[in-house]
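A short worksheet on the structure shown next.
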């Protein structure tokens with residue numbers, strides 16, 4: 001239940017005005033460029049980030065000294081994606097926006113990620129036209145288990161209950177099952193609830209796709225680890241959307257009192273389960289069965305593209321490096337999975353209509369499962 005103090009006008013106004021001032025004060029440098037097929041026009045936090053996006057990535061190398069510095073970054077890459085420590089170092093050496101853009105570019109340089117993005121963009125174009133007309137119908141061989149995120153019974157304005165994705169998937173013909181976790185409970189206890197939900201759908205003959213978001217990401221990863229290959233043969237894919245797989249600095253920074261003002265008291269044990277120390281230790285234990293397709297799906301915001309509601313948390317987290325306003329970018333990637341990003345989006349993923357993007361992602365996943373050899377992706381009715 002929402003705290004009645006939310007109606008105390010003066011304090012709310014001060015909070016909103018503070019956020020507005022932060023938003024307008026981040027003017028930055030204007031730039032337009034492309035990273036991995038994604039075009040973005042925004043403002044960045046430094047001249048090096050502007051040069052990197054507007055010139056270097058476009059093949060226009062006009063600053064020999066800066067070119068040499070950036071070249072050395074690529075030359076030192078070992079073929080794997082940069083981790084949080086790498087991105088923090090790049091943030092210190094260049095800027096946070098440079099590190100975020102470099103991360104986006106490195107993700108796209110992985111062939112499987114590039115191929116998955118191509119398939120997704122094709123599906124998205126189709127769904128954008130056909131979905132509003134009710135013409136998208138997905139295979140009934142699949143069903144979706146939706147695991148909501150933190151405070152989903154109270155933080156409805158943020159979409160924590162995942163109502164929009166659920167409604168869109170159901171409109172497209174997929175059966176959705178909603179998992180009622182404890183909305184502020186510990187990751188470990190919610191993982192047990194997810195375990196029970198996965199077991200409950202083991203014998204209905206449909207292939208199960210799991211959709212999680214933010215805090216429910218580690219809950220699903222832990223549940224799949226506990227079940228192992230023997231009890232997950234019916235699970236074919238896990239869409240890990242903006243997953244706080246290794247915890248969030250927000251729990252360590254104790255920014256929760258401000259949130260508690262809006263939504264009421266929260267379980268301190270649940271908060272502790274999301275700290276970076278606990279989250280990173282738990283992450284080491286994850287063993288998602290190999291037969292499950294894992295899709296990491298998240299936004300990569302630039303300082304000029306962060307929304308009003310995310311800027312209040314994005315700005316203080318910049319000291320850790322690139323983040324989406326809730327989670328460090330590198331901490332949202334589950335190793336061995338396919339990674340799809342939305343350049344310019346923050347944790348709320350609002351750069352594209354959420355329902356259309358969700359259905360397009362479902363189409364891409366289903367086609368990917370049915371055509372693993374890389375055959376041409378077909379959209380329903382296409």
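Quick look at the numbers
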{"quantity": "Matching entry among 189, 133 (being more than 30 Å from residue 268 (Cβ to Cβ) and not assigned by TED's automatic domain parsing to the domain that holds residue 41)", "calculated": "133"}
{"quantity": "Scan of the stretch 198-216 for residues that are at negative phi and within 23 Å of the chain's Cα centre (by Cα), ordered by number", "calculated": "198, 208, 209, 210, 211, 212, 213, 215, 216"}
{"quantity": "Residues of the stretch 168-192 classified as over 22 Å from the mean Cα position of the chain (by Cα) and closer than 30 Å to residue 272 by Cβ, total", "calculated": "2"}
{"quantity": "Residues satisfying the stated conditions in the stretch 261-303, i.e. assigned to a helix (DSSP H, G or I), over 18 Å from the mean Cα position of the chain (by Cα) and surrounded by 16 or more Cβ atoms within 10 Å (Cβ to Cβ)", "calculated": "262, 263, 270, 271, 278, 282"}
{"quantity": "Residue ID - surrounded by the fewest Cβ atoms within 10 Å (Cβ to Cβ), chosen from residues in the stretch 10-66 that are farther than 21 Å from residue 308 by Cβ and at pLDDT below 95", "calculated": "37"}
{"quantity": "Selection count where residues are more than 24 Å from the chain's Cα centre (by Cα) and either closer than 13 Å to residue 328 by Cβ or surrounded by fewer than 11 Cβ atoms within 10 Å (Cβ to Cβ) (or both), scope the stretch 73-91", "calculated": "3"}
{"quantity": "Check on residue 165, under 16 Å from residue 326 (Cα atoms), crowded, with 24+ Cβ neighbours inside 10 Å and modelled with pLDDT of 95 or more", "calculated": "no"}
{"quantity": "Hey, residue 279 touching a residue at least 60 places away in the same chain (Cβ under 8 Å), more than 27 Å from residue 362 (Cβ to Cβ) and touching a strand residue (DSSP E or B) at 6+ places or on another chain (Cβ under 7 Å) or not", "calculated": "yes"}
{"quantity": "Which listed residue is within 18 Å of the chain's Cα centre (by Cα) and assigned by TED's automatic domain parsing to the domain that holds residue 324, from 223, 241", "calculated": "241"}
{"quantity": "Selection within the stretch 304-333 - outside any helix (DSSP H, G or I) and surrounded by fewer than 21 Cβ atoms within 10 Å (Cβ to Cβ)", "calculated": "307"}
{"quantity": "Considering residues of the stretch 113-137 that are touching a helix residue (DSSP H, G or I) at 6+ places or on another chain (Cβ under 8 Å) and not in a helix (DSSP H, G or I) only, the residue nearest to residue 294 (Cα to Cα)", "calculated": "136"}
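Table: residues versus (1) at positive phi; (2) in a helix (DSSP H, G or I); (3) out of contact with any strand residue (DSSP E or B) (no Cβ under 9 Å at 6 or more places or on another chain).
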{"residue": "30", "(1), (2), (3)": "no, no, no"}
{"residue": "41", "(1), (2), (3)": "no, no, no"}
{"residue": "72", "(1), (2), (3)": "no, yes, yes"}
{"residue": "101", "(1), (2), (3)": "no, yes, no"}
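The values are calculated or read from the model by the stated rules, or taken from the named source; none is laboratory data. Since the model is a prediction, treat every value here as computed from it, not as a measurement. Don't worry about glycine lacking a Cβ; one is built from the backbone with ideal geometry, like all the others, and counts go over all protein chains shown.
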